[in-house]
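**Student:** Before I ask anything, let me first share the structure, which is written out below as structure tokens.
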Amino acid sequence: MQMFDGAWNNTAGYSKPVAGFHDLSLGDYVCTSGGNSGVHCNIGVMYLNFYWNDGYGYASQMEGYQATNGQWAAIQGDSGGPVLVPYGNGSVGAAGMIQAVAGTLYNNGNCGSVRDGGANLCSRYVWFTSTRTIANSLGMNLVTW
């Protein structure tokens, strides 16, 4: 399995092999890879287990916060994208899946370049679900390189 890593408008793109699940701890740092806004890194894990109702029921979530001023954790339309941990050998660990932007929301004029060009909301906060939790709840395995 490969994960895309780069800007949303990089048509050449590049991918990184997935080494396996990466279980997180408080204070770990991750990257998000949203289809609408591309990759954002330096996102610190703040909460490991809280429940949020997305309209279809409650689901266990984690929360991350973008530690770099002027950068975002995720943008509306990034939901479903991977949350990954880069490794020194060029591969990544599958840590989660983006569920929602959270916290203070900013409008598209402050969000930078996005794929769909619509009225998007961005935030330094992102909610995501653990990849292992998703796989276990569906009775699936993670395909690795």
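**Student:** Report, by residue number, each residue of the stretch 47-73 that is farther than 17 Å from ILE134 by Cβ and either in contact (Cβ under 8 Å) with a residue 24 or more places away in the chain or among the β-branched types (Val, Ile, Thr) (or both).
**Tutor:** TYR65, GLN66, ALA67, THR68, GLN71, TRP72, ALA73
**Student:** Could you list, in sequence order, all residues of the stretch 1-19 that are outside any loop (DSSP other than H, G, I, E, B), crowded, with 16+ Cβ neighbours inside 10 Å and modelled with pLDDT of 60 or more?
**Tutor:** Of everything in the stretch 1-19, those that are outside any loop (DSSP other than H, G, I, E, B), crowded, with 16+ Cβ neighbours inside 10 Å and modelled with pLDDT of 60 or more turn out to be LYS16, VAL18, ALA19.
**Student:** In addition: Which residue out of ASN69, ASN36, ASN49 is open to solvent by 60 Å² or more (accessible area, probe 1.4 Å), within 26 Å of LEU142 (Cα to Cα) and at pLDDT 80 or above?
**Tutor:** Sole residue among the options that is open to solvent by 60 Å² or more (accessible area, probe 1.4 Å), within 26 Å of LEU142 (Cα to Cα) and at pLDDT 80 or above: ASN49.
**Student:** So which residues in the stretch 95-145 are farther than 20 Å from VAL85 by Cβ, aliphatic (A, V, I, L, M) and touching a residue at least 60 places away in the same chain (Cβ under 8 Å), if there are any at all?
**Tutor:** Across the stretch 95-145, the qualifying residue is only VAL114.
**Student:** Let me ask something else about it. Hand me the list of strands (runs of 3 or more DSSP E) wholly inside the stretch 75-145 holding 3 or more residues that are open to solvent by 10 Å² or more (accessible area, probe 1.4 Å), touching a strand residue (DSSP E or B) at 6+ places or on another chain (Cβ under 7 Å) and not aromatic (Phe, Trp, Tyr).
**Tutor:** Fully inside the stretch 75-145 and qualifying: 82-86, 92-102.
The values are calculated or read from the model by the stated rules, or taken from the named source; none is laboratory data. None of these values were measured; they are calculated from a predicted model. Positions of Cβ are generated from backbone atoms using ideal geometry, with glycine treated the same way; all protein chains shown enter the neighbour counts. Please note that ligands, DNA and RNA were not included when accessible areas were found on the heavy atoms of the full protein model with its side chains. Shrake-Rupley method; radii C 1.70, N 1.55, O 1.52, S 1.80 Å.
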